[in-house]
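Enquirer: Quick one: the structure is below, and I'll ask about it shortly.
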Amino acid sequence: MIAFFIKRLVTALLVVLTVSAMTFSMTFLTGDPAIAVAGENATQADIVRIREYYGYDRPIPVQFMSWLGRAAQGDFGQSLYLNQPVSIEIFARLKTTMTLGLSALIFALVLAIPLGVVAAIRPNSLLDRFALTVAVVGQAMPSFWFALTMMLWFGINWRILPVSGTDTWAHFVMPSIALGYFITPGVMRLTRAGMLEVLRSDYIRTARAKGASGFSILFKHALRNAIIPVVSLAAVQFGFMLGGSIVIETIFAVNGLGFLAWESIQRADLPMMQAIVLVLSVFYIMLTFLADVLNAWLDPRIRIS
Amino acid sequence: MTTPVSTSAHTSPSKQVLRQALNHRGVLFGAFVVFAIIFIAIFAPMLAPHDPYEQILSRKLIPPVWFDSPKTTWDHILGTDHLGRDYLSRLIYGARISLMIGFSAMLISGVIGTTLGVCAGYFGGRVDNVINFVITTRLSMPVVLVALAVVSLMGSSLTVVIWVLGLLIWDRFAVVMRSATQQVRGLDFVASAEALGSTTRRILFVEVLPNILNHFIVIATLEMAHAILLEAALSFLGLGVQPPDPSWGLMISEAKGLMFFDGWLIAIPGTALFLLILAINLLGDGIRDVTAPENRN
């Protein structure tokens, strides 16, 4: 277990390093970053001054190491637009995105797991078909269109829910559904497959034979084992959702990291964009690392192979 | 054994697959819609009733014909947008952009992902470790965010969008092709080709690739749908296809401000997008059911 843990940790750290290098290289995507920062009406003297001020005149490996060293301490530099450290703004917005991501995840799990279980108990029944339809439709629905359509009905026509902002919990209902709906198909299919497999296994037959109640078999014996792969899928999908929340946050004006990313893209605020990409990537790497470790702990077969 | 020979023993495997496909409702529906949209895209200039770029401001925001409004006219079956452009014509030309971006991005990511996946699966060992690492790294970067950032830095154009998407979404190809290659690699005909002294290149191209083609087709359809959805999201956020070009995502974006008064403005391109993605996904799922049912879920 310790060997597995260390091996997995080293890989995670290497991935963080590679992702950092790729994020850093965005600076040079447009050619000379000093010209990009200076803007259209800058003189040659301005460009030279900016190049020295931001240290773009140093060798690239040196720039990378100093950027990485400061980023590791939580210092992502100055925002080009807001004129304050990038990290302050990011941590201020992180909470909103986490709230949105978690409520979207809870919505998705609450919808997907019962549907998956029911579909597995009665394969090919009407309910199974219904669950499958939900999955197929969910995968084909563009999230931004779904969000706008919900806004139109619940926000404007029926006036049940607020359409933008983050003032109350009600503001989070539509964004969470729009963000969470997209991952329900995957979770549902995995729950269904896991339950189908477990329900066929010998120990379920044993439990039935000894006279355990249907309820106890389903929830105590079957679901607990079938849910293991769902846990790691949920972790991975949670990471994806945070990265994908940019579309939903923009639509509902949810003042989180995604919205900040979109604003920064509009303002060509490169240090802010880089920091957001890096923070979300590192968060995803941490999530998958934790899920892997948890899985290895729950299932000894993984850590041996 | 004296069991009666079943009829399927006489027909070739490919004919069997074709027969199964023709009985599969998902495949039939998916193929029908996809081919219809491809047909519409190819013959767009002949099918579109108007020039999709022509603005007639005196004829703006005419509702579709099924609306109860004095403005409706059969000249604009799906109405006109906020600049008086014919909505049906823009929808028809928009199909071209969706399909072109989806197909090109899928090809780029397919080549990258298949190369990585086949190498990892065939050579194993250190090659496999390195490629696995590359896949993990790619997965940890948020696609939409990176695509938006890169497109905004490079300046958005069709070519940039296609390449950025193609370079980002190869992960599923790599993962699936890797495990498919691992399966094929252990089979007897690969071992016999090795024993006969075939070159590695010959084994990869003649023995391995044709046998994982069905997996490629399945992932290709799913990734094409993925690319189309991403393009629509990018265009919706203003960083994909640029106006005045018609893209379904951009049409929804342009109608965003007006949707509270004219909901059909977002309903029409949204439905088109939904139908196309649904059809491609059903086709892909169906092909998987027919050719490799063991890989479901």
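The values are calculated or read from the model by the stated rules, or taken from the named source; none is laboratory data. Everything numeric here is computed off the predicted structure, so don't read it as measured data. Please note: Cβ atoms are built from the backbone with ideal geometry, for glycine as well, and neighbour counts cover all protein chains shown.
Enquirer: Could you pull out the residue among B:Val150, B:Val161, B:Val146 that is at pLDDT 90 or above, within 11 Å of another protein chain (Cβ to nearest Cβ), within 17 Å of B:Leu229 (Cα to Cα) and in a helix (DSSP H, G or I)? Full working, then the answer.
Expert: Details: B:Val150 fails: within 17 Å of B:Leu229 (Cα to Cα); B:Val161 fails: within 11 Å of another protein chain (Cβ to nearest Cβ).
B:Val146 is the lone residue from the list that is at pLDDT 90 or above, within 11 Å of another protein chain (Cβ to nearest Cβ), within 17 Å of B:Leu229 (Cα to Cα) and in a helix (DSSP H, G or I).
Enquirer: Looking at the range A:78-91, is at least one residue modelled with pLDDT under 85, of a type in the set (Phe, Trp, Tyr) and farther than 27 Å from B:Trp248 by Cβ?
Expert: Checking the range A:78-91: at least one residue is modelled with pLDDT under 85, of a type in the set (Phe, Trp, Tyr) and farther than 27 Å from B:Trp248 by Cβ.
Enquirer: Is there any pair linking a residue in the range A:147-163 that is in the same structural domain as A:Ser245 (by TED's automatic domain parsing) to one that is of a type outside the set (A, V, I, L, M) and in a loop (DSSP other than H, G, I, E, B), with Cβ under 6 Å and at least six apart or on different chains, and which?
Expert: A:Leu152/B:Gly263; A:Ile156/B:Phe260
Enquirer: Report whether or not A:Ala234 is modelled with pLDDT of 80 or more and under 21 Å from A:Pro123 (Cβ atoms). Spell out how you get there, then give the answer.
Expert: Working: modelled with pLDDT of 80 or more: yes; under 21 Å from A:Pro123 (Cβ atoms): no.
No: the conditions fail for A:Ala234.
Condition check ((1) of a type in the set (A, V, I, L, M, F, W, C); (2) crowded, with 18+ Cβ neighbours inside 10 Å) across all residues:
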| site | (1), (2) |
| --- | --- |
| B:Val130 | yes, no |
| B:Leu139 | yes, yes |
| B:Ala147 | yes, yes |
| B:Val151 | yes, yes |
| B:Ser157 | no, no |
| B:Gly166 | no, yes |
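Enquirer: Is the range A:26-35 home to any residue that is in contact (Cβ under 8 Å) with a residue 60 or more places away in the chain, among the β-branched types (Val, Ile, Thr) and within 19 Å of A:Leu278 (Cα to Cα)?
Expert: Step one: of the range A:26-35, the residues in contact (Cβ under 8 Å) with a residue 60 or more places away in the chain are A:26-27, A:33.
Filter again for among the β-branched types (Val, Ile, Thr), leaving A:27.
Subsequent filtering for residues that are within 19 Å of A:Leu278 (Cα to Cα) retains A:27.
Yes: the range A:26-35 contains one or more residues that are in contact (Cβ under 8 Å) with a residue 60 or more places away in the chain, among the β-branched types (Val, Ile, Thr) and within 19 Å of A:Leu278 (Cα to Cα).
Enquirer: Here is a follow-up. Name the pairs: first residue in the range B:207-233 and in contact (Cβ under 8 Å) with a residue 24 or more places away in the chain and under 15 Å from B:Ile287 (Cα atoms), second residue in a helix (DSSP H, G or I) and basic (Lys, Arg), Cβ to Cβ under 6 Å, at least 6 apart or on different chains?
Expert: B:Val218/B:Arg288; B:Ile219/B:Arg172
Enquirer: On to the next question. Mind checking which residues of the range A:214-228 are surrounded by fewer than 23 Cβ atoms within 10 Å (Cβ to Cβ) and either of a type in the set (Gly, Ala, Ser) or in contact (Cβ under 8 Å) with a residue 40 or more places away in the chain (or both)?
Expert: In the first step, residues of the range A:214-228 are kept if they are surrounded by fewer than 23 Cβ atoms within 10 Å (Cβ to Cβ); the result is A:214-221, A:223-225, A:227-228.
The answer is A:Gly214, A:Ser216, A:Leu218, A:Leu223, A:Ile227, A:Ile228.
Enquirer: Which condition number does A:Gln73 fail, the rest of (1) surrounded by 20 or more Cβ atoms within 10 Å (Cβ to Cβ); (2) away from every other protein chain (no Cβ under 14 Å) being met?
Expert: (1)
Enquirer: A further question follows. Of the residues A:Ala12, A:Ala34, only one is touching a Lys or Arg at 6+ places or on another chain (Cβ under 8 Å) and either surrounded by 13 or more Cβ atoms within 10 Å (Cβ to Cβ) or assigned to a helix (DSSP H, G or I) (or both); which?
Expert: On the way: A:Ala12 fails: touching a Lys or Arg at 6+ places or on another chain (Cβ under 8 Å).
Answer to the selection: A:Ala34.
Enquirer: Just checking: which of the helices (runs of 4 or more DSSP H) contained wholly in the range A:142-261 hold 2 or more residues that are at the interface with chain B (Cβ under 9 Å from one of its Cβ atoms)? Lay out the reasoning, then the answer.
Expert: On the way: elements: A:143-150, A:170-181, A:184-199, A:202-209, A:228-252.
Counting at least 2 such residues, we get A:143-150, A:184-199, A:228-252.
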